[in-house]
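Enquirer: Sharing a structure here in structure tokens format.
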Amino acid sequence: MAVYQEKNKSKQTKDGRSWYFRVPYVDLCGKRKQHWSKFYFTKKEAQEGERQFLASVKDMSSNPNMTFEELCLDFYEYQEKSKGVRETTLQTYKDRKPFLEYLYNIKLVDFNINHFEMWKQKINEKNIATSYKNDILKFLKAILNFGTKRYNFNFTAVYNQMTNFKDRNEIKKEMDFYTIEEFKQFISYETDLKYKCLFETLYYCGLRNGEMRGLTWEYIDFEKKQLYVKQQIATRYSSKNYKITDPKTEKSKRYVPICDVLLEDLKTLYNEVSQYKNFNKKWFVFGEADVPIVADNPSYRQAAICKKAGLRKIRIHDFRHSCASLLIDKGANITLVSKYLGHTKIDETLNTYSHMYKSALTQVVDLINNL
């Protein structure tokens with residue numbers, strides 16, 4: 001056991017980290033192994049990393065009877081203390097806790113593919129969507145990865161055999177959206193200026209519901225004709241006990257251009273609300289002063305408008321899909337659509353809207369033929 005410094009600069013990290021430690025140890029199966037650490041900036045940091053690793057190995061070797069329940073509780077505690085995930089994500093983890101209880105009494109050293117298949121069968125009996133079942137599976141894998149990193153448990157043999165949930169008989173929900181003609185018909189029946197701006201913001205800017213609820217006047221730039229998605233309101237909390245959080249991902253923080261029709265409506269709305277004596281730009285655009293709009297109110301309002309306009313009702317989130325459809329229909333490439341919607345990766349956009357690009361592929365062939 002010792003701490004070393006990498007002398008070869010080509011092997012050091014770009015930011016100059018060069019200290020590391022190398023530790024031989026015995027795993028739960030009695031096999032002798034050697035751990036090479038990542039690089040650290042200083043010798044002291046490497047020594048502290050070595051101390052923490054030795055402590056984790058000690059915990060692992062002194063507790064071969066550790067169960068899934070103990071690992072899960074440790075996982076939740078670690079996430080809360082380290083603040084490695086957002087509060088809403090942590091709550092999602094806790095919501096999925098009941099789905100792991102079938103594994104609670106199993107010792108981690110005994111966990112095998114039979115246990116996984118038993119668990120999978122139990123989850124399959126639940127009346128939930130296949131996509132949600134696979135989200136729970138991802139969470140189980142996150143727990144296993146945590147057990148590997150923190151206690152050095154080896155789940156490779158099981159991990160490689162864990163398959164996703166599939167249901168060929170499940171009817172996939174079709175993505176619904178309003179065409180520009182349908183949206184114009186819809187919005188023509190909206191008489192309340194605030195709700196008119198709300199639906200136009202969802203449709204033309206592609207904001208998520210929480211992003212729309214979290215929009216304040218300080219993040220609307222009338223001169224540059226853009227709004228800044230900086231925050232969101234977590235859906236699980238009531239409007240009175242609302243919580244402002246960061247958007248879904250870092251890429252979700254974005255500037256979105258405002259089209260002329262929405263810009264003029266927002267200016268009119270701003271001129272109205274700014275007349276109040278206690279007005280300040282931290283007021284929510286869609287809400288009552290410093291209280292955001294109730295999460296379900298846009299849906300109720302939309303239902304009433306659809307009835308008047310003779311249109312089918314789509315989900316509030318489908319206004320975001322409508323925005324993507326509009327962009328794609330007008331020739332926007334996948335990179336632009338991804339950036340506009342604030343997706344983390346282009347793959348996410350492509351997986352969601354690939355079917356909308358089929359006509360675009362036909363146009364490519366036509367271009368080649370015309371050559």
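Enquirer: Give GLU211, GLU223, GLU182 a once-over and let me know the one that is more than 23 Å from THR249 (Cα to Cα) and surrounded by 15 or more Cβ atoms within 10 Å (Cβ to Cβ).
Expert: Among GLU211, GLU223, GLU182, only GLU182 is more than 23 Å from THR249 (Cα to Cα) and surrounded by 15 or more Cβ atoms within 10 Å (Cβ to Cβ).
Enquirer: Confirm whether VAL261 is touching a residue at least 60 places away in the same chain (Cβ under 8 Å) and not in a helix (DSSP H, G or I).
Expert: It is false that VAL261 is touching a residue at least 60 places away in the same chain (Cβ under 8 Å) and not in a helix (DSSP H, G or I).
Enquirer: Here is a further query. Give the residues of the range 77-125 that are without any contact (Cβ under 8 Å) to a residue 60 or more places away in the chain and among the polar types (S, T, N, Q), sorted by residue number.
Expert: Answer for the range 77-125, where residues must be without any contact (Cβ under 8 Å) to a residue 60 or more places away in the chain and among the polar types (S, T, N, Q): GLN79, SER82, THR89, THR92, ASN105, ASN112, ASN114, GLN121, ASN124.
Enquirer: Do any residues in the range 293-318 that are at pLDDT below 90 have Cβ atoms under 9 Å from those of residues that are of a type in the set (A, V, I, L, M, F, W, C) and not in a loop (DSSP other than H, G, I, E, B), where the two are at least six apart or on different chains, and which pairs are they?
Expert: As it stands, the answer is ALA295/ILE233, since those pairs meet every condition given.
Enquirer: Here is a further query. Could you look through the range 233-258, keep only residues that are among the charged types (D, E, K, R) and part of a loop (DSSP other than H, G, I, E, B), and pick out the one that is most open to solvent (accessible area, probe 1.4 Å)?
Expert: Looking at residues that are among the charged types (D, E, K, R) and part of a loop (DSSP other than H, G, I, E, B), I get LYS240.
Enquirer: Does the range 70-111 hold any residues that are surrounded by 13 or more Cβ atoms within 10 Å (Cβ to Cβ) and in a loop (DSSP other than H, G, I, E, B), and which are they?
Expert: Of everything in the range 70-111, those that are surrounded by 13 or more Cβ atoms within 10 Å (Cβ to Cβ) and in a loop (DSSP other than H, G, I, E, B) turn out to be VAL85, ARG86, ARG96, TYR104, ILE106, PHE111.
Enquirer: Could you tell me which residue of the range 319-355 is modelled with the lowest pLDDT, considering only residues that are in contact with an Asp or Glu (Cβ under 8 Å, 6 or more places away or on another chain) and part of a helix (DSSP H, G or I)?
Expert: So, considering only residues that are in contact with an Asp or Glu (Cβ under 8 Å, 6 or more places away or on another chain) and part of a helix (DSSP H, G or I), the one modelled with the lowest pLDDT is SER338.
Enquirer: If you don't mind, another one. Out of curiosity, is LYS58 modelled with pLDDT under 80 and exposed (fewer than 14 other Cβ atoms within 10 Å of the Cβ)?
Expert: Answer is yes for this residue.
Enquirer: Please work out which one of (1) assigned to a helix (DSSP H, G or I); (2) at pLDDT below 90; (3) open to solvent by less than 90 Å² (accessible area, probe 1.4 Å) is the condition LEU140 fails and give its number.
Expert: With (1) assigned to a helix (DSSP H, G or I); (2) at pLDDT below 90; (3) open to solvent by less than 90 Å² (accessible area, probe 1.4 Å) applied to LEU140, the lone miss is (2).
Enquirer: Okay, next question. THR191 is checked against (1) of a type outside the set (A, V, I, L, M, F, W, C); (2) modelled with pLDDT of 90 or more; (3) in a helix (DSSP H, G or I) and fails just one. What number does that condition carry?
Expert: (3)
Enquirer: OK, next. Any idea how many residues of the range 286-296 are under 18 Å from GLU190 (Cα atoms), crowded, with 16+ Cβ neighbours inside 10 Å and within 24 Å of the chain's Cα centre (by Cα)?
Expert: Total satisfying the criteria: 2.
Enquirer: Restricting to the range 32-48, name every residue that is under 18 Å from ASN154 (Cβ atoms) and either polar (S, T, N, Q) or open to solvent by less than 100 Å² (accessible area, probe 1.4 Å) (or both).
Expert: LYS33, GLN34, HIS35
Enquirer: Answer yes or no: is there a residue in the range 172-193 that is closer than 23 Å to ASN65 by Cα and among the aliphatic types (A, V, I, L, M).
Expert: No: the range 172-193 contains no residue that is closer than 23 Å to ASN65 by Cα and among the aliphatic types (A, V, I, L, M).
Enquirer: Take TYR151 and decide whether it is at pLDDT below 85 and either within 30 Å of ASN209 (Cβ to Cβ) or crowded, with 17+ Cβ neighbours inside 10 Å (or both).
Expert: Here the answer is yes, as TYR151 does meet what is asked.
Enquirer: Sticking with this structure for a sec: Quick check, is GLU264 over 28 Å from THR88 (Cα atoms) and open to solvent by less than 40 Å² (accessible area, probe 1.4 Å)?
Expert: Criteria not met by GLU264.
Enquirer: Based on this model, can you work out whether LYS267 counts as outside any loop (DSSP other than H, G, I, E, B), in contact (Cβ under 8 Å) with a residue 12 or more places away in the chain and within 21 Å of THR191 (Cβ to Cβ)?
Expert: Yes.
The values are calculated or read from the model by the stated rules, or taken from the named source; none is laboratory data. Small disclaimer: the values here were computed from a predicted structure and weren't measured. Note: ideal-geometry Cβ built from the backbone for every residue, glycine included; neighbour counts use all protein chains shown. Note: accessible area is taken over every heavy atom of the protein model, side chains too, but ligands, DNA and RNA are not part of it. Shrake-Rupley method; radii C 1.70, N 1.55, O 1.52, S 1.80 Å.
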